[in-house]
Amino acid sequence: MHWVSALSFRLFTLCVALGAYVPDQLPLNSDVRAGGPQPRPWDERLSEDATGNLVFQSLASLMQMRPNSRYPNGHSIVRATIPPGTLLYHGRSSDAFPHADWIALDPEHSQGFARGDNGTHFTFATTRDLKLVYFDGCSANKAEGVVDTQDVLIWGEVGHNGANEHSGERARMTDACEWGKEYGVDGFVRMEMDFEIMYCDFTQGLELVSALNIINSGRSGGPGGKTGGERPPNGGHGPMQGPSDELVGPGGSPRGPGGPGGSGGSGGPWGSPSNPPEGWKGSLPARGAVFQAGSWHGSFPGDLRVRSDPAGMLTFFDPTFTSLVEARRGLGRDQYRLHNISRADVARAQQDISEIFARGPYERSGVDWQGIAQTVQDRFSQRLPYLRYLLNQPTQNASAQAAVVRQQLITSLFPYMPRGSIGEEAWFAEIAQGCRASFTAHFPFSRFTKQEHVLHNALDEVLHEICRVLTGAWREAFDIEEKSVDIAADMLVKWTAEVDALLEWLDWPVWMGCEPGCAINEFCYIPQYHFGRRPDETMDQTPRCMEFAPLNP
């Protein structure tokens, strides 16, 4: 065993020698990497025109019902796929095989369109990867603003159909599919009370699993229609009453064929009453299950059957679309649209979209952007509201309250605190830099697509603001336990304003849930603007728990 002792001594000697050259902590610096964001002072506020929070919010909301219901005017066009073996559904009032039509991801969404005695519900399975375009927001609703991104892609102008989005849905599908032929696009993913696809050719990429003449509600009118009824939209789903608060759910217009389920004009008039099938006893199926099905995809990870590719995500919150930066000034978040976009920005967007859909599926860095966005939310989405809670408690002892806040700041920042130069200005700068760069320093910038550079800049801006606010408060709280009560009280007021403003600016989708959580007989629901929405119309979109109880027949 003598050789073991000798080896141990040599290793010990080597470690001691190397230890003289190892600093307490290697600084984490993303800015030294080629392609990283330009450095800015750690305590510098972002410009009021900064859009990192908006891009991050869009990224973190992909294929999720609640955040896209909250902000229905989508700003992203995203490359997406659906893998083979996925079931998709289509309902219509006849057994005629669909060609170009709407298809749903959940049967609860399509079954309402298999109306009348001949109502047929088709189930399809994908036979290969489907190549899709995903429009975020409530992009299947017939309301002003929600189709802006579709207009830019398909026609190169916003408001192509004027104020009447209802009558142009069939033309929208036809022209969208014509655009997509060059790139092998199979369809276009949109959202209303659940997700749907405008599918270009049912003979491509799908195999028929079943076609059933199903039992339906027997109610005259479209889903949610009254006696004499509304028919399904000219594309998209028909209107349905919202859950028991009687808010109108999203969908289509009072006229026109089609829906992921519309009959496309075949098989008799929409709204013809259905008779109970022979041998049936009791009441017919109730309406409204689609709202519950949509709630399954309310929050992260959303509907995983549609695989979004953020490396191919064009966002109109990209600050290089300068005409939209100017157009957003002075507006509230709900008012953001594309209707003031310049022709030059439209041309650049169309060029970028063409490049996205022309490139191969592996021409990207491989960074899991949605995973990174969720990890950032996981790290701070509870700590920041808790910090705000501590700061907004009634002040009985300012010194004691400031000390508690100080401990929470330490908890948030301790992974980035080196042991050297404690209390000096450079120490606080290193903490802020480590906090900001911790998620991004290792990224393969050289392999980024153009769209990934936009996402990285957004992530950097979001982390900069979080770390600026936390480190700024930590710099002032570092010796707060030695300060007077008056100074502690002043600091509490200052920190409260900073943290409140930060949370309002971030506005993360993870916070768009129901508090407290819903009971076993409820689901979390954010009302959506119905078709025909006026630009100045407002609605209480606070998340609320709604009962599963069926809607009145």
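The values are calculated or read from the model by the stated rules, or taken from the named source; none is laboratory data. From a predicted model like this one, the values you see are computed outputs, not experimental measurements. Positions of Cβ are backbone-derived with ideal geometry, glycine not excepted, and every protein chain shown enters the neighbour counts.
General observations
- In segment 309-318 there is no residue that is in a loop (DSSP other than H, G, I, E, B), under 19 Å from the mean Cα position of the chain (by Cα), modelled with pLDDT of 95 or more and more than 30 Å from C435 (Cβ to Cβ).
- Residue check, A104 crowded, with 20+ Cβ neighbours inside 10 Å, farther than 21 Å from C177 by Cα and small (G, A, S): no
- Within the option set A125, A140, A163, A114, being small (G, A, S), closer than 22 Å to A349 by Cβ and either at pLDDT below 95 or touching a strand residue (DSSP E or B) at 6+ places or on another chain (Cβ under 7 Å) (or both) holds for one residue only, A140.
- Subset of segment 423-447 (residues that are free of Cβ contacts under 8 Å to residues at least 12 places away in the same chain and either touching a Gly at 6+ places or on another chain (Cβ under 6 Å) or under 22 Å from I466 (Cβ atoms) (or both)): E425, A426, W427, H442
- Of all residues making up segment 359-384, the number that are exposed (fewer than 14 other Cβ atoms within 10 Å of the Cβ) and in a helix (DSSP H, G or I): 3
- Out of A488, A458, sole residue that is buried (at least 22 other Cβ atoms within 10 Å of the Cβ) and either closer than 25 Å to P310 by Cβ or without any contact (Cβ under 8 Å) to a residue 12 or more places away in the chain (or both): A458
- Residue within segment 491-514 that is touching a strand residue (DSSP E or B) at 6+ places or on another chain (Cβ under 8 Å) and closer than 30 Å to V290 by Cβ present: yes
- Every residue from segment 275-330 that is among the aliphatic types (A, V, I, L, M), farther than 30 Å from C514 by Cβ, surrounded by 18 or more Cβ atoms within 10 Å (Cβ to Cβ) and touching an Asp or Glu at 6+ places or on another chain (Cβ under 6 Å): A311, L314
- If the condition is being in contact with a helix residue (DSSP H, G or I) (Cβ under 7 Å, 6 or more places away or on another chain) and assigned to a helix (DSSP H, G or I), then segment 325-349 contributes D345, V346, A349.
- Search result, residues across segment 97-125 that are farther than 16 Å from Y199 by Cα and acidic (D, E): E108, D117
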